[in-house]
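Since the structure comes first, as structure tokens, the remarks are kept for the end.
Please treat every number below as a calculation from the coordinates, not as lab data. Bear in mind that the values here come from a model prediction, so they are computed numbers and not experimental data. Here the Cβ positions follow ideal geometry from the backbone for every residue, glycine too, while neighbour counts run over all protein chains shown.
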Amino acid sequence: MAEISVNYPHSAGETVHYQWQFLIPEDSQTDSPKNRWWVVGQWHDQPNTTRGENWENFPDHSPPVAIGYAHLNGKDLLGVSYGSPDQSIVGQKPVKRGQWHQIRAVIHWSLSETGWVQIYLDDSNKPFAKAKGRNMHNDFQHYLKLGTYRHPDISAKSRIFLDDLQIQKGAP
């Protein structure tokens, strides 16, 4: 498996804009009808090494913001889960295999209820997923991981193509 992992520096209270393109090939197999978890983009917490934290003594958490893939009722969908410490699905949107799509994510990072996310697909000016509330597990920057991350029992062959990743703080 290959992935893109970006450790973009930000602090709680900052707003960060993320944008990238992705393509799921037409011959990709799905996990339908089981549809176990299958993530294509996620933001994870990490230890702050300047405070002596490391991966050995750091607690394991699910990502507070994640973009998942599923094949339901004959449609390929992206779904967004959001929240810390517990996540819930906050939006879904159909996508087409064999076609390039663009994701834009705007996240206001916070350890409190002042956090929020807005996720856009392609050229839409209206987010297909948005939520408010805590989105950080700890006060150190959360890093972005792009790739295919799946339930360990999924044996289907899959790939995702990624292009044109852009990240910046503040207004785009």
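If you count the DSSP beta bridges with both ends in segment 1-130, what percent of them are antiparallel, to the nearest 5?
In segment 1-130, DSSP labels about 100 percent of beta bridges as antiparallel.
Hey, rough spin-label estimate for Asn7 and Arg97, points 7 angstrom out along Cα→Cβ, what's it come to in nanometres?
3.6
For Lys157, give me every one of the lysines with a C-alpha distance below 24 angstrom, ignoring sequence neighbours fewer than eight places off in its own chain.
Filter leaves Lys34, Lys75, Lys93, Lys96, Lys145.
Place the peptides 154-161, 60-67 in order of packing, highest mean first, counting for every residue the other Cβ atoms within 10 Å and averaging per peptide.
For the peptides 154-161, 60-67, the packing ranking is 60-67, 154-161.
Quick one: check the C-alpha center-to-center distance for segment 14-55 versus segment 62-79, whole angstrom.
Taking the Cα centre of each part, segment 14-55 and segment 62-79 sit 11 Å apart.
About its Cα centre, how strong a charge dipole does the chain have in debye, to the nearest 20, once Lys and Arg get +1 and Asp and Glu get -1 at the Cβ?
For this selection, approximately 460 debye.
Could you check the spin-label model distance between Ser88 and Glu53? Points 7 Å from the Cα along Cα→Cβ, value in nm.
2.6
Provide the per-residue ³J(HN,Hα) series for segment 58-72, in order, calculated from phi with Karplus coefficients 6.51, -1.76, 1.60 and θ = phi - 60°, each as a whole number of Hz, with x at glycine and proline positions.
After applying 6.51 cos²θ - 1.76 cosθ + 1.60, I find 9, x, 8, 10, 6, x, x, 9, 8, 10, x, 10, 8, 10, 10 Hz.
Roughly how compact is the chain, stated as its Cα Rg over 2.2 N^0.38 Å to two decimals?
That works out to 1.01 for the chain.
Compute a Gaussian network model of the chain, connecting alpha carbons closer than 10 Å, and tell me which residue from Glu113, Glu14, Glu56 fluctuates the most.
So, out of Glu113, Glu14, Glu56, the one fluctuating most is Glu56.
GNM, the chain, Cα, under 10 Å: largest mean-square fluctuation among Thr49, Thr30, Thr15?
Its mean-square fluctuation being the largest, the pick is Thr49.
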